[in-house]
């Protein structure tokens, strides 16, 4: 098995106010080759951008518990810089439709590592938005005729 590190040489900013989730994201991105800066507040994210070095991509939790309430402020700043963003959220898709970042990939919680990395790679490549849903186990009584299309 070859060691594929699709994020090698990339620097990622992770903004999530839940420590364990931020740590998990950091480990996933580092395993894929990225160097990661983790912060829990919008002000800390802005400070990380100001002091450099350049951030290639950001993974942002949409809802935050700090005074800002959301990561949309930092997402706007990143958009002005041309830095791609991946949103991470537990929100329903209908709630996300009001966001002003139509091309940003959205990863719904709970997420799986390969799906998160795929969304990050997709954003770095500039490919259009894709909603990445968590993998849900099939119901215990589901048969082959219950497949959704």
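Some notes on this structure:
- One residue stands out in the stretch 82-103 among those that are surrounded by 17 or more Cβ atoms within 10 Å (Cβ to Cβ) and modelled with pLDDT of 85 or more: the one that is farthest from the chain's Cα centre (by Cα), namely 83.
- Looking across the stretch 15-28, the residues that are touching a strand residue (DSSP E or B) at 6+ places or on another chain (Cβ under 8 Å) and over 14 Å from residue 85 (Cβ atoms) come down to 17, 18, 21, 22, 23, 26.
- Residue in the stretch 39-54 that is within 19 Å of residue 115 (Cα to Cα), modelled with pLDDT of 95 or more and touching a strand residue (DSSP E or B) at 6+ places or on another chain (Cβ under 9 Å) present: no
- Flag for residue 9 being closer than 17 Å to residue 125 by Cα, touching a strand residue (DSSP E or B) at 6+ places or on another chain (Cβ under 9 Å) and surrounded by fewer than 16 Cβ atoms within 10 Å (Cβ to Cβ): yes
The values are calculated or read from the model by the stated rules, or taken from the named source; none is laboratory data. These numbers were taken from a predicted model, which means no experiment stands behind them. Ideal geometry is used to build each Cβ from the backbone, glycine not excepted, and the neighbour counts take in all protein chains shown.
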